[in-house]
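Below you'll find the structure, written out as structure tokens, and then a few comments.
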Amino acid sequence: MARGIAYKFGILKTPAYTSAHLKHSMTRKKCFVVNNYVEAVRGLACELLDMLGEGLGLKDEKAFSKLIKDNESDSLVRLNHYPPYYGNAEERSTKTKDDNSSRVGFGEHSDPQILTILRSNDVDGLQILSPVNDRVWISVKSDPTAFFVNVGDALQAMTNGRCISVRHRAMANSRRSRLSMMFFAAPSLQTCISPLPEMITPENPQQYRQYTWAEFKKTMYSLRLASNRLELYRLDSKVDYKFQDDD
Ligand SMILES: O=C(O)CCC(=O)C(=O)O
């Protein structure tokens, strides 16, 4: 696996994206463009979450989007750059098209937040783990005119497992650079996350215990990227990640 290929250009916390750091690293015009983009994708995330709330028959259809509209929301934007890859000598002699090596640019993980809105250029790379066979990776065709939406762990917990946070990764084996930009819609650090009452039924009893977003983030940073952190918050969890980082 190739590590460290995805470069983080910057993490722009919203709504504080006019921070001193940004002011120094971006021209006013770029700042304006980024601000507009962030506002637009935040709006999109909220609309999608309101539709989901309605579809799930929640008493408060805006229960999810409220968390993102909160001034203290921990949402952030990340830009990834995967440089072109021409392969080693052997690969170069056989490689004819983009997608024929297994060079991982961003390892397998699920997004911890509520919802992710991803946009990329026209270079493939994103793959999702098949929900029915966890050995099969499904490539997602890039489309620079579309948004890719991922359910995050927090939404899985709040919907008591009705929505599933899909595991995904990004390959970095193209002869062209891949660029992707993600808006991760998150609640405030103090927000308590737990299955909503409407999502708990006799057929689907409560699956996750309550946690704060701050607690989940702390757990996340203590584990490897690929860990299934939400498993730790299951009421019947048998997973012990104590020795996770010892190897
Ligand atoms: O770059 C991509 O296409 C995916 C990146 C990703 O999953 C992430 O940054 O969390």
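Data for the structure
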{"item": "Burial ranking of peptide ranges 175-181, 145-151, 27-33 (average Cβ count within 10 Å, highest at the top)", "result": "175-181, 145-151, 27-33"}
{"item": "Using θ = phi - 60° and Karplus 6.51 cos²θ - 1.76 cosθ + 1.60, couplings along the stretch 41-50 (whole Hz; Gly, Pro as x)", "result": "6, 5, x, 4, 4, 5, 4, 4, 5, 5"}
{"item": "Among the listed pairs Lys29/Lys59; Lys30/Lys66; Lys29/Lys218; Lys30/Lys69; Lys66/Lys218, those beyond 30 Å (Cα-Cα)", "result": "Lys29/Lys59; Lys29/Lys218"}
{"item": "Hydrodynamic radius (Kirkwood) for the stretch 164-247, which is based on Cα pairs only, to one decimal in Å", "result": "15.7 Å"}
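Bear in mind that the values in this text are calculations on the coordinates, not laboratory data. Computed from a predicted model, the values in this text were never measured in an experiment. In this analysis, Cβ positions are derived from the backbone assuming ideal geometry, glycine residues included, and neighbour counts consider all displayed protein chains.
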